[in-house]
Ligand SMILES: [Zn+2]
């Protein structure tokens, strides 16, 4: 089933240890990770770059990409793709799907109701184990 170990991970920048899941948290990685923890709006690499630059004006876009790659590789963030847009990054490692507001483009994390799993809704082939889940639902908010 989908990994659910979000509870072991830091929830704010202050809680980021020297090393996370075997990844040494350099100043740059820490800053990139902090930006993602602070604002969970699924930014793309360019948006992350702009945010990181505020606290670290000399950082390059290439470094931000390298940091993101390392964080993804160590399972600290997820890279998510919506349509043909540039990849976005999500720090929420708990099983969830995305709801994209078609009016504003904002992407919201949607968790499963207590006790529900995606596999309850699907007629998966016999023996199939879900290891990754990427599902985006699009719609509007009533009254908006
Ligand atoms: Zn997400």
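The values are calculated or read from the model by the stated rules, or taken from the named source; none is laboratory data. The structure displayed is predicted, hence computed values, not measured ones. FYI the Cβ positions are ideal-geometry reconstructions off the backbone, even for glycines, and counts take in every protein chain you see.
Which ones in segment 42-64 are closer than 22 Å to residue 109 by Cβ and surrounded by 14 or more Cβ atoms within 10 Å (Cβ to Cβ)?
Within segment 42-64, 42, 43, 44, 45, 47, 48, 51, 52 meet the criteria.
Regarding segment 62-76, can at least one residue be identified that is in a helix (DSSP H, G or I), closer than 30 Å to residue 142 by Cβ, outside the structural domain of residue 118 (by TED's automatic domain parsing) and free of Cβ contacts under 8 Å to residues at least 24 places away in the same chain? Full working, then the answer.
Kept after step one, since they are in a helix (DSSP H, G or I), are these residues of segment 62-76: 62-73.
Adding the requirement that they be closer than 30 Å to residue 142 by Cβ leaves none.
Looking through segment 62-76, none of the residues is in a helix (DSSP H, G or I), closer than 30 Å to residue 142 by Cβ, outside the structural domain of residue 118 (by TED's automatic domain parsing) and free of Cβ contacts under 8 Å to residues at least 24 places away in the same chain.
Looking at (1) within 16 Å of the ligand (Cβ to nearest atom); (2) surrounded by 10 or more Cβ atoms within 10 Å (Cβ to Cβ); (3) in contact (Cβ under 8 Å) with a residue 40 or more places away in the chain; (4) outside the structural domain of residue 16 (by TED's automatic domain parsing), which is the one condition that is false for residue 103?
Going through (1) within 16 Å of the ligand (Cβ to nearest atom); (2) surrounded by 10 or more Cβ atoms within 10 Å (Cβ to Cβ); (3) in contact (Cβ under 8 Å) with a residue 40 or more places away in the chain; (4) outside the structural domain of residue 16 (by TED's automatic domain parsing) one by one, residue 103 breaks only (1).
Could you grab me the full set of residues in segment 69-78 that are within 15 Å of the ligand (Cβ to nearest atom) and over 21 Å from residue 112 (Cβ atoms)?
Step one: filter segment 69-78 for residues within 15 Å of the ligand (Cβ to nearest atom), giving 71-72, 75-78.
Scanning segment 69-78 gives 71, 72, 76.
Exactly one of (1) in the same structural domain as residue 11 (by TED's automatic domain parsing); (2) surrounded by 14 or more Cβ atoms within 10 Å (Cβ to Cβ); (3) in contact with a strand residue (DSSP E or B) (Cβ under 6 Å, 6 or more places away or on another chain) is unmet by residue 108. Its number?
For residue 108, the exception is condition (1).
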